[in-house]
């Protein structure tokens, strides 16, 4: 599993700009809202920003910070509406600063809605403005991640190359570009980037793990296991170091040791441990315990979810015969529109419908699947099988 190396942060306009909006009651509410932000009380902050806007409707900073707060509350569609109200069709320094923050905010909201094409468009608009250039690195990381999730790896490489050109010592940018090269099977370039990342930050386990995945993909298993041994020798003292060491032991298949380390890690706040514990139990074919841990991972509030965990829990539930539950999780995973995982998710969705006895739906989905992935020979066999289970299948296409 690729470690999420996105550097983007939810930056509020009050960090960047002194509010140009004066106005007694409205500004007081706005400042109180900022205090709530500092305390992590986003509901109260949103309430204050909303009240401030009701009193003073022409202040871009209010809309921007309200929008960012709504993102924190996962109200992304409403956030986009507020960013739109902050954007002005004018040309001056203050307007450009506000517009840049608003475009960036819209991009993040679309990103969280899994609408990556729209997110990229907004990030490009933000990058086109010269003001607040200190935000460009953050925006580029968001853009690169959106391109990855869209399967636009060549574009992602260009984005990460800009980051590297701007900051040649940015180990994270090399790591991210190495991953994108790997997805294009440009293994030599990818490995060179991971080596560069490691040379820049030798104690970062994620760089070693990235290189390990790529070596495995390139069928260089001996070199891959050597890299894991190097990672295991890193001496770390922090809780994060211990969590990363647990991941290394996990990939070394030292599962008993890893289970003990992950158990301690989530006690220290690393709830991502639940994913790895779920995966260990899945590999041991203890699907019930795997589901328990995957569910804990999904329910954790402070973890950014990915399509991967929904595919994993869906697959385990299929093994347990809990087909309706499996279908719900699989369809949740498909909502992420992650091109890297659409194929296994779609395949599992078909299996879930088939197991529930809905052969008509399974047939329709398989018809689309084999058109998208004609190289999947097993799916072609399953497609023919579904036809035999559904005698009227040949007529379904005409009935759509």
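The values are calculated or read from the model by the stated rules, or taken from the named source; none is laboratory data. If you're wondering where the values come from, they're calculated on a predicted model, not measured in any experiment. Virtual Cβ from ideal backbone geometry, glycine too; neighbours counted across all protein chains shown.
Please find, among 265, 232, 192, the residue that is buried (at least 18 other Cβ atoms within 10 Å of the Cβ) and either farther than 29 Å from residue 322 by Cα or assigned by TED's automatic domain parsing to the domain that holds residue 157 (or both). Show your work before the answer.
Working: 232 fails: buried (at least 18 other Cβ atoms within 10 Å of the Cβ); 192 fails: buried (at least 18 other Cβ atoms within 10 Å of the Cβ).
After ruling out the rest, the residue left standing is 265.
I'd like the full set of residues that are part of a loop (DSSP other than H, G, I, E, B) and either touching a residue at least 40 places away in the same chain (Cβ under 8 Å) or in contact with a helix residue (DSSP H, G or I) (Cβ under 8 Å, 6 or more places away or on another chain) (or both), limited to segment 286-320.
Passing the criteria: 300, 303, 304, 305, 306, 320.
Looking at 295, 312, can you tell me which residue is under 29 Å from the mean Cα position of the chain (by Cα), closer than 27 Å to residue 284 by Cβ and assigned by TED's automatic domain parsing to the domain that holds residue 272?
295
Out of 109, 102, 173, 197, which single residue is under 27 Å from residue 331 (Cα atoms) and buried (at least 24 other Cβ atoms within 10 Å of the Cβ)?
Going through 109, 102, 173, 197 in turn, just one is under 27 Å from residue 331 (Cα atoms) and buried (at least 24 other Cβ atoms within 10 Å of the Cβ): 109.
Would you be able to say whether some residue in segment 222-239 is assigned to a helix (DSSP H, G or I), under 22 Å from the mean Cα position of the chain (by Cα) and over 22 Å from residue 170 (Cα atoms)?
Taking every residue of segment 222-239 in turn, none turns out to be assigned to a helix (DSSP H, G or I), under 22 Å from the mean Cα position of the chain (by Cα) and over 22 Å from residue 170 (Cα atoms).
May I ask you to verify whether residue 275 is within 19 Å of residue 242 (Cα to Cα) and either within 21 Å of the chain's Cα centre (by Cα) or assigned to a helix (DSSP H, G or I) (or both)?
Criteria met by residue 275.
Given the options 242, 220, name the one that is surrounded by 15 or more Cβ atoms within 10 Å (Cβ to Cβ) and without any contact (Cβ under 8 Å) to a residue 12 or more places away in the chain.
Among 242, 220, only 220 is surrounded by 15 or more Cβ atoms within 10 Å (Cβ to Cβ) and without any contact (Cβ under 8 Å) to a residue 12 or more places away in the chain.
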